[in-house]
Amino acid sequence: MAFNPSAKQLKGIKAAIFLLALVPLARMVWLTATGQLVEPLEFITRGTGDWTLYFLCITLAVTPLRRLSKMNWLIKLRRMFGLYAFFYAFLHFMTFFWFDHFFDIAGMFRDVAKRPFILVGFTAFVLLIPLAVTSTNAMVKRLGGKRWLWLHRLIYLIAPLGILHFWWMRAGKSNFTEPFIFGVIVAVLLGARVYWSWAGAKSPAPGRHSREGGNP
Ligand code: HEM
């Protein structure tokens with residue numbers, strides 16, 4: 001039988017994930033503050049970029065995992081994963097804006113427009129903003145379930161843009177192994193949805209319109 005935590009256990013699971021998700025940031029701060037890094041700026045830019053991508057993948061994995069495992073409660077973790085994706089994307093962007101451009105907005109936009117891989121990452125980040133802003137229960141109510149769902153389907157565009165950004169950045173170094181691996185992961189996670197929506201008439205997804213449920 002599928003594991004189904006009590007309300008108290010679920011609170012504990014959420015608290016543990018909340019703290020664990022801060023470990024990468026704490027590690028970056030610690031290594032920088034103690035002077036253990038040769039290139040701290042590069043390390044932080046890449047570390048925050050990596051963790052944005054990991055959390056995007058984890059967020060996209062919740063729905064397929066829930067379907068396959070029949071553990072519907074997993075959906076209750078999805079919002080936190082999505083917000084952590086935004087949080088690390090924000091830090092990633094701020095590292096660039098602060099340390100590469102010293103908060104010079106015009107200079108930053110010139111650089112974004114000049115380097116296509118940054119333009120793609122920037123677009124993905126901008127698209128994440130409305131998802132983060134509308135992640136609360138109050139916003140789900142305000143928008144209405146249908147409109148909220150449509151808006152949050154932007155994640156299907158954001159994740160491939162994140163992969164393209166990563167791929168393009170690594171193209172300069174002809175090092176495609178990791179972008180390829182993450183490209184496959186995102187393709188499988190999105191492909192599963194396409195398959196289920198195609199087969200949906202035969203086996204509709206459980207709890208499709210619950211407040212924290214449904215696709216994406
Ligand atoms: C959803 C949004 C984004 C995702 C998923 C993402 C992901 C990544 C990843 C995975 C890397 C490579 C890390 C590595 O080599 O291990 C990276 C690098 C980078 N990203 Fe992003 N990124 C995003 C948005 C942005 C934005 C908004 C900017 C700036 C406007 C940006 C600028 C950069 C830069 C400058 C690098 C590193 C370049 C280098 O070290 O040579 N990214 N990003």
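A short reminder: the numbers here are calculations on the coordinates, not readings from a lab. Just so it is clear, the structure is predicted and the values come from calculations on it, not from any experiment. Using ideal geometry, Cβ is built from the backbone for each residue, glycine included, and neighbour counts are taken over all protein chains shown.
What to note about this one:
This table checks each residue for (1) in contact with a strand residue (DSSP E or B) (Cβ under 7 Å, 6 or more places away or on another chain); (2) farther than 28 Å from VAL186 by Cβ; (3) among the small types (Gly, Ala, Ser).
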{"site": "ALA7", "(1), (2), (3)": "no, yes, yes"}
{"site": "THR34", "(1), (2), (3)": "no, yes, no"}
{"site": "PRO64", "(1), (2), (3)": "no, no, no"}
{"site": "LEU68", "(1), (2), (3)": "no, no, no"}
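- Taking the range 155-188 as the range and being within 12 Å of the chain's Cα centre (by Cα) and more than 11 Å from the ligand (Cβ to nearest atom) as the test, only TYR156 passes.
- In the set THR63, THR48, only one residue is over 20 Å from LEU10 (Cβ atoms) and either within 12 Å of the ligand (Cβ to nearest atom) or crowded, with 16+ Cβ neighbours inside 10 Å (or both); that residue is THR48.
- Filtered by the rule that a residue be without any contact (Cβ under 8 Å) to a residue 12 or more places away in the chain and among the small types (Gly, Ala, Ser), the range 66-107 gives ALA106, GLY107.
- The set of residues from the range 128-153 being surrounded by 16 or more Cβ atoms within 10 Å (Cβ to Cβ) and within 11 Å of the ligand (Cβ to nearest atom) comprises LEU128, LEU131.
- In the range 168-182, the residues that are more than 16 Å from ILE58 (Cβ to Cβ) and surrounded by 18 or more Cβ atoms within 10 Å (Cβ to Cβ): MET169, PRO179
- Pairing residues of the range 8-31 that are touching a residue at least 12 places away in the same chain (Cβ under 8 Å) and closer than 14 Å to ILE58 by Cβ with residues that are surrounded by 12 or more Cβ atoms within 10 Å (Cβ to Cβ) and of a type in the set (Asp, Glu), at Cβ distances under 9 Å and at least 6 apart in sequence or on separate chains, gives PRO24/ASP50.
- When residues of the range 106-122 are limited to those that are of a type outside the set (Phe, Trp, Tyr) and in contact with a helix residue (DSSP H, G or I) (Cβ under 6 Å, 6 or more places away or on another chain), the one nearest to PHE96 (Cα to Cα): MET108
- Taken together, the residues in the range 112-127 that are within 22 Å of PRO40 (Cα to Cα) and either touching an Asp or Glu at 6+ places or on another chain (Cβ under 7 Å) or touching a residue at least 12 places away in the same chain (Cβ under 8 Å) (or both) amount to 4.
- Residues within the range 117-126 that are closer than 21 Å to MET80 by Cα and either crowded, with 17+ Cβ neighbours inside 10 Å or away from the ligand (no atom under 15 Å from the Cβ) (or both), tallied: 2
- Cβ pairs under 9 Å, 6+ apart, first in the range 128-150 and part of a helix (DSSP H, G or I), second of a type in the set (Val, Ile, Thr) and within 16 Å of the ligand (Cβ to nearest atom): LEU128/THR52; LEU128/ILE155; LEU128/ILE158; LEU131/ILE155; LEU131/ILE158; MET139/VAL133
- On the stretch given as the range 74-110, residues that are within 8 Å of the ligand (Cβ to nearest atom) and either over 18 Å from the mean Cα position of the chain (by Cα) or outside any helix (DSSP H, G or I) (or both) total 4.
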